[in-house]
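Presented below is the structure to which this report refers.
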There are 2 protein chains.
Amino acid sequence: MDVAVVGGTGAEGFGLALRLLGADHSVTIGSRSAERAGEAVAKARETLGADALVGGAENAKAVTGAEVVIVTVPFAGMIEIYGSIASSLQPGQVVLDATSPLMAAVGGKPWEALRPWQGSAAELAAALLPEGVAVVAGFHTVAAHTLANLDREVDSDALLCSDDDDAKRRVGELIDSVPGMRWVDAGPLANARLTEPLTALIISINRRYRVRDGGFRITGRESWGAPK
Amino acid sequence: MDVAVVGGTGAEGFGLALRLLGADHSVTIGSRSAERAGEAVAKARETLGADALVGGAENAKAVTGAEVVIVTVPFAGMIEIYGSIASSLQPGQVVLDATSPLMAAVGGKPWEALRPWQGSAAELAAALLPEGVAVVAGFHTVAAHTLANLDREVDSDALLCSDDDDAKRRVGELIDSVPGMRWVDAGPLANARLTEPLTALIISINRRYRVRDGGFRITGRESWGAPK
């Protein structure tokens, strides 16, 4: 798949880009600065080899034409970043929003959650994008450190919320293509109100146990993915 | 341990009572009606044998002197129930609140969460109890159906939140004594704002996949329990 990662020079975005490149997807790393995007491209090639299908560009250019656009930016910057890419997106494109609304955005603690007026960051994202662009919320339970550590498979489920089942499945396929990763259908977009605060919970647990790769698994079935 | 289960005739409370009795704890099943408590005691003896350490009483009597009081009641009834037991509780006793604030409490859907004024049901519980009674929030990720199915071990972690580390550890020991169960230190009582909505998420996932025993596991370490 042809994927753009907005905020792809950050720890979470870059780790995700590496995982997707490793699964043979074509990834464009987006950044506010074309120069920093280029540096991340060089770093990705250094890690994965010169034949990795990676490119870099300013965010607005990176998202143009991408099948799936993954947005991994701090909550404090999300309104500005979405404003900068909105006019480059077309109906039919899919946006995976991984924003976690944390108190850190207003100078508080990253293990405390913040509730945006719209209910969740993903619902705020949907309000900032043109009609017809599908929004999927996900990846709040996968730590940047876990993604970046390529020696180990990711031991955490990706809980996906969206009102568009096709978009959810498309993002789900992308996730399932990464060895060890698994997606779970966590319901409509409004359920991001339930899944986004999991980032604060995981940060709190990691901090208490002095670990960096705590994650979540849903139990009760052998396989999840799309419901039958 | 000497445990009282308030709301012990409900599905969640009764399932938990059976698990604790199976681990050789002494359990008093509390109910609004002494008669229904008695029926639950008979049912527990039928399931586990006549030598199970089980008794029954009205809630206020059931909690008197118990080392740990587990409250498993619907959110709509919690203020009334806490009002009925508050004066029977003494400083030093530990209350494990398992209440999930769901929209079902106001005629809405059980897969949508409700936010009480105090932030979480557990913080509301603390406000309703006498000073010196320790409140621990937990068990929002363990389904009644899972607890009642004694043929299978419980495949879901109990995330415990409390401002009292000793109380948290005492409840944690109780949980660890049940085969297959495991507790995770999920931080201060206010973190119940993050863990209580997990009930809505699990109900949503169960519904979507048509299963009844979806649960949560925290990954990233072999063992959890008390942090080192």
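The values are calculated or read from the model by the stated rules, or taken from the named source; none is laboratory data. The shown structure was predicted, so the numbers you read here are calculated from the model rather than taken from an experiment. No Cβ is skipped: glycine too gets one built from the backbone with ideal geometry, and neighbour counts run over all protein chains shown. All accessible areas refer to the heavy atoms of the entire protein, side chains included, with ligands and DNA or RNA removed. Shrake-Rupley method; radii C 1.70, N 1.55, O 1.52, S 1.80 Å.
Could you check how many residues of segment A:161-194 are touching a residue at least 60 places away in the same chain (Cβ under 8 Å), open to solvent by less than 10 Å² (accessible area, probe 1.4 Å) and within 13 Å of another protein chain (Cβ to nearest Cβ)?
1
Can you tell me which residues in segment A:199-228 are modelled with pLDDT of 90 or more, more than 7 Å from chain B (Cβ to nearest Cβ) and closer than 25 Å to B:PRO110 by Cβ?
Result: A:THR199, A:ILE202.
When segment B:29-44 is examined, which residues are found to be in contact with a Phe, Trp or Tyr (Cβ under 8 Å, 6 or more places away or on another chain) and over 20 Å from B:ALA66 (Cα atoms)?
Within segment B:29-44, just B:LYS43 meets the criteria.
With (1) away from chain B (no Cβ under 13 Å); (2) in a loop (DSSP other than H, G, I, E, B); (3) buried (at least 24 other Cβ atoms within 10 Å of the Cβ) as the list, and A:TRP117 as the residue in question, which single condition is left unmet?
That leaves (3) as the condition not met.
With the checklist (1) within 8 Å of chain B (Cβ to nearest Cβ); (2) open to solvent by less than 30 Å² (accessible area, probe 1.4 Å) in hand, flag the one item A:ASP155 doesn't pass.
Exception for A:ASP155: condition (2).
For residues in segment A:14-30 being surrounded by fewer than 24 Cβ atoms within 10 Å (Cβ to Cβ) and among the small types (Gly, Ala, Ser), which is nearest to A:HIS140 (Cα to Cα)?
Within segment A:14-30, the match that is nearest to A:HIS140 (Cα to Cα) is A:GLY15.
Return yes when A:THR195 is of a type in the set (Ser, Thr, Tyr) and at pLDDT below 95 and no when it is not.
So A:THR195 does not fit the description; no.
Please go through segment B:40-84 and pick out each residue that is open to solvent by 80 Å² or more (accessible area, probe 1.4 Å) and within 9 Å of B:GLY30 (Cβ to Cβ).
Result: B:GLU58, B:LYS61.
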